[in-house]
Amino acid sequence: MAIKTKAIHRPAEEEDGLRVLITRFYPRGVKKDHFDLWLRELSPSIDLLMKYKNGKIEWHDFAAALKHELYSNTDSWETINILNTDARRGGDITLLCYERSNQPCHRHIVRDIIEDPVRLTNFVSKDTDDHEGCHMSSLIPNK
C-alpha cells in the first residue's frame, strides 16, 4: 500500500484518484472541485500550526506534537483507521496541503501514519512529493 502526497496548487492528474485536502484553513484561490474530500481532522490544530509557522517550534517538535494531536483526537483516529482500511482495498488517494514540493509538510506525517497507524516514533520526514501508488475506493460512493 502507498498513499500519494501533493501540493494543492499542483494540477489534478488522473492517477491522483481520491484527492483529500487535509488543511486547517480553506486554501485561497482553490475551487471546491479541485479536491474530493476536506478532512480537517487530519490537520494540525491552529495553535500548533501557528507555533510552527511563526518559528516558535522546530520541525521535529511540530511532528511529535502533531502525532500526539492526531492520536488524542477521536475523530482523527477514526479517520486514520477508515483511510487505512480503505487504502488496503484498492484505488488511489492523494493527500493535499498548501506546502510546495520539497518543503516539510504534515501531509507526509499523515501519509506515514495512515500506512501504519501503529507508527508513533522514529518518524523521518519525506520532504518531497512522491507519488507512490495507493489503494482506496470506498470513501465516496459511486466513485
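Quick grid of which residues meet (1) within 13 Å of R107 (Cβ to Cβ); (2) modelled with pLDDT under 95; (3) over 15 Å from the mean Cα position of the chain (by Cα); (4) exposed (fewer than 13 other Cβ atoms within 10 Å of the Cβ):
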| residue | (1), (2), (3), (4) |
| --- | --- |
| I22 | yes, no, no, no |
| Y26 | no, yes, no, yes |
| G29 | no, yes, yes, yes |
| K32 | no, yes, yes, yes |
| P44 | yes, no, no, no |
| D47 | no, no, yes, yes |
| K56 | no, no, yes, yes |
| H60 | no, yes, yes, yes |
| T74 | no, yes, yes, yes |
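Would it be correct to say that T79 is within 16 Å of I3 (Cβ to Cβ) and without any contact (Cβ under 8 Å) to a residue 60 or more places away in the chain? Please lay out each step first, then the result.
Working: within 16 Å of I3 (Cβ to Cβ): yes; without any contact (Cβ under 8 Å) to a residue 60 or more places away in the chain: yes.
Yes; evaluated as a whole, the condition is true for this residue.
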### Subset of the range 9-31 (residues that are under 16 Å from I80 (Cα atoms), assigned to a loop (DSSP other than H, G, I, E, B) and of a type in the set (A, V, I, L, M))
I22
### Message
Exactly one condition in (1) modelled with pLDDT of 85 or more; (2) surrounded by fewer than 17 Cβ atoms within 10 Å (Cβ to Cβ); (3) touching a Cys at 6+ places or on another chain (Cβ under 9 Å) is false for I93; which is it?
### Response
(2)
### Message
What's the total number of residues in the range 2-20 that are surrounded by fewer than 17 Cβ atoms within 10 Å (Cβ to Cβ) and on the phi > 0 side of the Ramachandran plot?
### Response
0
### Query
Of the residues in the range 44-88, how many are closer than 19 Å to F25 by Cα and hydroxyl-bearing (S, T, Y)?
4
### Message
Please go through the range 64-99 and give me each residue that is small (G, A, S) and assigned to a helix (DSSP H, G or I), ordered by number.
### Response
A64, A65, S72, S76, A87
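Conditions (1) closer than 26 Å to P117 by Cβ; (2) in contact (Cβ under 8 Å) with a residue 24 or more places away in the chain, marked per residue:
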site: K4; (1), (2): yes, yes
site: A7; (1), (2): yes, yes
site: R10; (1), (2): no, yes
site: E15; (1), (2): yes, yes
site: L21; (1), (2): yes, yes
site: P27; (1), (2): no, yes
site: K31; (1), (2): no, no
site: D36; (1), (2): yes, yes
site: E41; (1), (2): yes, yes
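The values are calculated or read from the model by the stated rules, or taken from the named source; none is laboratory data. These numbers come from a predicted model, not from an experiment. Reconstructed Cβ throughout: ideal geometry from the backbone, glycine too, with neighbour counts over all protein chains shown.
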